[in-house]
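To keep things clear, I will list the structure first and then write my remarks on it.
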Amino acid sequence: MFAYYFDLALRSLRQNVVLTALMIIAIGVGIGASMTMLTIFRAASGDPIPQKSAQLFNVQIDSYGPQPGVPLAPDFLPYRLDYIDALALMRAHRAPRQVAMYPISVDIAPPDSQRDPVQANGHATYGDFFPMFDVPFEYGGSWGSAEDQSHAPVVVLTRRLNDQLFGGADSVGRTVTIEGDAYRVMGVMQTWRPTPPFYDLGSGGGRYTADDEFFLPFARAIDQHWRTAGGFGCPSRAGIIRGWDGMLTSPCVWIALWVELPTAGSAAQYRAFLHNYADSQRQSGRFNWPARVALRDVSQWLDYNHVVPPALTTLTGVSFAVLIVCLLNAAGLMLAKFMARIGSVALRRALGATRPAIYAQCLMEAAMIGVAGAIVGIGLSETGLITCRRVLPDDFAILTHLRTGDILIALLLAVFSALAAGLYPIWRTSRVAYGAALTGQ
Amino acid sequence: MLRMNHLSKIYRTEVVETYALRDFNIHVREGEFVAVTGPSGSGKTTFLTIAGLLEEFSGGEYWLDGVDTRGLNDNQRSRLRNQKIGFVFQSFNLIPDLNVFDNIDVPLRYRGMKGAERKRLINGVLERVGLTSRARHYPAEMSGGQQQRVAIARALVGSPRLLLADEPTGNLDTQMARGVMELLEELHRGGATIVMVTHDPDLAARAQRQVHIIDGTILDLSATAHGETVPAAAQGAQGAPARL
């Protein structure tokens, strides 16, 4: 009977092309608006590391203290750590894995000295960075704690930089020249673009996409006096900072610190440790305010950083309201269409169609309208996203693409919506007074 | 074949109850051709829709081919309707976007028959009503008389036990009406059980038996020009489907 219902639905849709087109457009516009906003919303709010997001925690310490005259939110804590706190927490080594990091920008010379050096952005960090964030490798791997401790001149390249420097060949063991010194390549990463780049939001390449092209040991970068290429904030008590050593001993914040805590128990223990550490700084006279710390997992960290602008959440909600309005319109049109067919439905009932058979026939028609609506909606959504990509910042625009999963969601949403819109009309159609419809009385 | 005992049908609103049928008794035997007449609003159509299991009744009994229809659910009524009843309507009620073949196919589809079997039955019934050459034509391409023949073919294709006809010649000119009526008479001679609602006294007179409905109750006029004897063919084929 499926083929029969399909054929009947096709005939019915062809019978009144204008009405059919209006229904498809109504559903298509709703799907297009909601899918466009959903894609943008998800690009901005997706979990960048779903398998571990609840085990990775960003560390914050109130190293600013009260800031008279500066309007700060009551729950404000500096987004990064100063060098003293970062180093102390790294040395304490109270989590199975912990990494400090800061963004740097350096000149890297290709092995072929004929070519000009390229300027590249990257991060100075620890070897635990790679296993901690599940970074996949094309060749080789990360450096180890020995290289961290010995401040070794080693580097991990992204695939893109490796393509640029070595033409995509396995470069593990070869050397590149960074700011005049030779660095041994330990590994080449596969393409890895956590979205958003939660591990150091706002560093270098923007809020939504990481443009890191290399990673090298934190201690090595400190030795080289490479300043941060990212955010650098100071409390009012910082005063004038003199020289590199002045920066390392200043209360200015520029280092992100993450810890991996696999269980709720270990997270609670680390939180207590962190509080004790801050309190010890107060007791030692470094802080003269009550200890305030925060340990936020990935999703909490993204929320705290307002990665999803509130306006975007509102707009996404509005787009779904548009979908509902469109569906109500489609339901009205479907009601008109189905009620105009009362005679035909009554006849089929008289000839032996059961009520479920009538439901099936009408639902098939509604589903076909939904599929057509999905196709229109996906087209409109793609058009909307193309427009968005033209007006949005590049780092964000690159994320706003429909994926296969989105198309499937649009299809299911449209079919489900069309079926939902058709339920009342179908119910009404199946409950008419057949005798009156057939005999004209 | 069709027996209604003390049947009633009441339409209720918040303020008033209206009896469409009241203490309604009728017995149509196997192979009979009964004409049901009566003025407008007398309850003819209500009788026909209840007889066709398109509406439920309020009280009494209705037995169709030995089946007590009280308490049947909607699906059971649909299946019984599909298997035992054929309808012929005044306005033909053909589906305009289906051709003749597909229109006749509708009741067989709901019976779940295989394609080859459906095709055999449809071709057979088209031959009986003389429309084999019109199988691929659409209703709009045919005269009223031809459309009513298609409707009769559709009513007959599933070999129903009872043919219910509602003013089958009401929308036809005299010549076409004669042709349709002759077809019904031919079916009756073949043993079909037919109940025909009509306003036309001349047509009613051609039936084997006339019953008259007034204010929802029945007046059996019995003796007609054709007598009230059940045709021999039908007597010898108790329980067999209506056929030419």
| request: Could you check region B:109-225 for helices (runs of 4 or more DSSP H) lying wholly inside it with 3 or more residues that are at pLDDT 90 or above and under 14 Å from the mean Cα position of the chain (by Cα)? | output: B:144-156
| Residue satisfying all of: in region A:398-424; modelled with pLDDT under 80 and in contact with a Phe, Trp or Tyr (Cβ under 9 Å, 6 or more places away or on another chain); surrounded by the most Cβ atoms within 10 Å (Cβ to Cβ) among these | A:Leu399
| said: Can you say whether B:Arg79 is within 12 Å of chain A (Cβ to nearest Cβ), surrounded by fewer than 18 Cβ atoms within 10 Å (Cβ to Cβ) and modelled with pLDDT of 90 or more, as far as the supplied structure shows? | reply: yes
| task | Go through region A:430-441 and give me each residue that's touching a Lys or Arg at 6+ places or on another chain (Cβ under 7 Å) and either more than 10 Å from chain B (Cβ to nearest Cβ) or assigned to a loop (DSSP other than H, G, I, E, B) (or both). | result | A:Ser430
| request: Select from region A:121-150 the residues that are under 19 Å from A:Gln98 (Cβ atoms) and in a strand (DSSP E or B) and list them in ascending order. | output: A:His123, A:Ala124, A:Thr125
| So which residues in region B:140-191 are of a type in the set (Ser, Thr, Tyr) and either without any contact (Cβ under 8 Å) to a residue 40 or more places away in the chain or more than 14 Å from chain A (Cβ to nearest Cβ) (or both), if there are any at all? | B:Ser143, B:Thr169, B:Thr174
| field | Pairs where the first residue, in region A:2-17, is at the interface with chain B (Cβ under 10 Å from one of its Cβ atoms) and among the charged types (D, E, K, R) and the second is surrounded by 13 or more Cβ atoms within 10 Å (Cβ to Cβ) and not in a helix (DSSP H, G or I), C-beta under 6 Å, 6+ apart | value | A:Arg11/B:Asp97
| query | Among the listed residues A:Tyr64, A:Tyr126, which satisfies the condition of being crowded, with 20+ Cβ neighbours inside 10 Å and either polar (S, T, N, Q) or modelled with pLDDT of 95 or more (or both)? | reply | A:Tyr126
| field | Given (1) out of contact with any strand residue (DSSP E or B) (no Cβ under 6 Å at 6 or more places or on another chain); (2) touching a residue at least 24 places away in the same chain (Cβ under 8 Å), index of the condition B:Tyr62 fails | value | (1)
| request: Please find, among A:Leu335, A:Leu363, the residue that is surrounded by fewer than 23 Cβ atoms within 10 Å (Cβ to Cβ) and touching a Pro at 6+ places or on another chain (Cβ under 7 Å). | output: A:Leu335
| task | Consider B:Ser42 carefully, then state whether it is surrounded by 14 or more Cβ atoms within 10 Å (Cβ to Cβ), in contact with a Lys or Arg (Cβ under 8 Å, 6 or more places away or on another chain) and within 14 Å of chain A (Cβ to nearest Cβ). | result | no
| said: Which of the numbered conditions does A:Glu147 fail, given that it passes all the others? Conditions: (1) exposed (fewer than 14 other Cβ atoms within 10 Å of the Cβ); (2) at pLDDT 95 or above. | reply: (1)
| In region A:248-271, how many residues are surrounded by 19 or more Cβ atoms within 10 Å (Cβ to Cβ) and out of contact with any strand residue (DSSP E or B) (no Cβ under 8 Å at 6 or more places or on another chain)? | 2
| note | Log entry, pairs with first residue in region A:340-354 being without any contact (Cβ under 8 Å) to a residue 40 or more places away in the chain and facing chain B (nearest Cβ under 7 Å), second being surrounded by fewer than 21 Cβ atoms within 10 Å (Cβ to Cβ) and not in a helix (DSSP H, G or I), beta carbons closer than 8 Å, six or more apart or on different chains, reads A:Ser344/B:Ile95; A:Gly352/B:Arg111
| task | Could you grab the pairs with beta carbons closer than 6 Å, sequence gap of 6+ or different chains, first residue in region B:107-132 and polar (S, T, N, Q), second one part of a helix (DSSP H, G or I)? | result | B:Thr132/B:Leu126
| Looking at region A:31-52, is at least one residue modelled with pLDDT of 90 or more and over 30 Å from A:Met364 (Cα atoms)? | yes
| message | Being part of a loop (DSSP other than H, G, I, E, B) and either out of contact with any strand residue (DSSP E or B) (no Cβ under 7 Å at 6 or more places or on another chain) or not small (Gly, Ala, Ser) (or both) narrows it down to one residue among A:Ala88, A:Ala73, A:Ala95; which is it? | response | A:Ala73
| message | When you check B:Asn123 against the structure, is it within 12 Å of chain A (Cβ to nearest Cβ) and among the polar types (S, T, N, Q), yes or no? | response | no
| task | Can you tell me which residue within region B:87-98, out of those that are more than 7 Å from chain A (Cβ to nearest Cβ) and out of contact with any strand residue (DSSP E or B) (no Cβ under 9 Å at 6 or more places or on another chain), is surrounded by the fewest Cβ atoms within 10 Å (Cβ to Cβ)? | result | B:Pro96
| note | Across (1) within 22 Å of A:Ala44 (Cβ to Cβ); (2) assigned to a loop (DSSP other than H, G, I, E, B), A:Thr313 clears everything bar (2)
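Filter the strands (runs of 3 or more DSSP E) completely within region B:1-86 down to those with at least 3 residues that are in contact with a Phe, Trp or Tyr (Cβ under 9 Å, 6 or more places away or on another chain). I'd like the intermediate steps shown before the answer.
Working: elements: B:2-12, B:17-28, B:33-37, B:59-64.
Fully inside region B:1-86 and qualifying: B:2-12, B:17-28.
Yes or no, residue by residue, for (1) away from chain A (no Cβ under 11 Å); (2) closer than 21 Å to B:Gly145 by Cβ:
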{"position": "B:Leu53", "(1), (2)": "no, no"}
{"position": "B:Tyr62", "(1), (2)": "yes, no"}
{"position": "B:Asn75", "(1), (2)": "no, no"}
{"position": "B:Ile85", "(1), (2)": "no, no"}
{"position": "B:Val100", "(1), (2)": "yes, yes"}
{"position": "B:Leu108", "(1), (2)": "no, no"}
{"position": "B:Met113", "(1), (2)": "yes, no"}
{"position": "B:Ala116", "(1), (2)": "yes, no"}
| request: Pull up region A:107-116, narrow it to residues that are modelled with pLDDT under 85 and under 16 Å from A:Arg174 (Cβ atoms), then point me to the one that is farthest from the chain's Cα centre (by Cα). | output: A:Ser113
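The values are calculated or read from the model by the stated rules, or taken from the named source; none is laboratory data. Bear in mind the structure is a predicted one, so any value in this text is a computation, not a measurement. Reconstructed Cβ throughout: ideal geometry from the backbone, glycine too, with neighbour counts over all protein chains shown.
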